[in-house]
Amino acid sequence: MMEYLVVAYDKENVLDKRLAVRDEHIANTKELMEKGNILQAGAIMENEKMIGSSLFVSFESEKSFYDWLENEPYAKNGVWDMDEIKIVPLRLLK
């Protein structure tokens, strides 16, 4: 299994776009939590405003991880700043 910490800050001035695709993002995240691919997820907050996301994820392979990331609603709809995303490989304590 490939495990990662993903820290994805939003682009500037995209709160409306974030909120427009949030339901799809939440539904996909919950589905992948049930499957065990997303272990924990949450919004990064600043002054009570959502400004990004953090996730602990686990995928069968690096390819399956990047396939998910490419199709993640915030990624594909231009909410997350993909030029600045932090992807940290790790091994989670079980």
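Read-outs throughout are calculated quantities, based only on the coordinates presented, and are distinct from any laboratory measurement. Predicted, not measured: the structure shown is a model, and the values here were computed from it. All Cβ positions, even for glycine, are placed from backbone atoms using ideal geometry, and neighbour counts span all protein chains on display.
A few comments on the model shown:
- As a length-normalised measure over Cα pairs under 8 Å and 6 or more apart, the relative contact order of the chain settles at 49 percent.
- Whether the range 2-90 is rounded, prolate or oblate, judged on the alpha carbon gyration tensor where a/c under 1.5 counts as rounded: prolate
- Nitroxide proxy distance, nm - points 7 Å out along Cα→Cβ at residue 1 and residue 77: 2.9
- Evaluated with a Cβ-only charge set (Lys, Arg +1; Asp, Glu -1), the chain carries a dipole of roughly 240 debye about its Cα centre, given to the nearest 20.
- Taking Cα atoms only, the orientation of helix 15-35 departs from the longest principal axis of the chain by about 20 degrees.
- Summed over all non-identical Cα pairs, the Kirkwood treatment of the range 1-47 gives a radius of 12.3 Å.
- Summing Lys and Arg as +1 and Asp and Glu as -1 over all other residues whose Cβ lies under 13 Å from the Cβ of residue 16 gives a net charge of +3.
- The length gained on full extension between residue 31 and residue 48, counted as 0.36 nm times the residue separation minus their Cα-Cα distance, comes to 3.5 nm.
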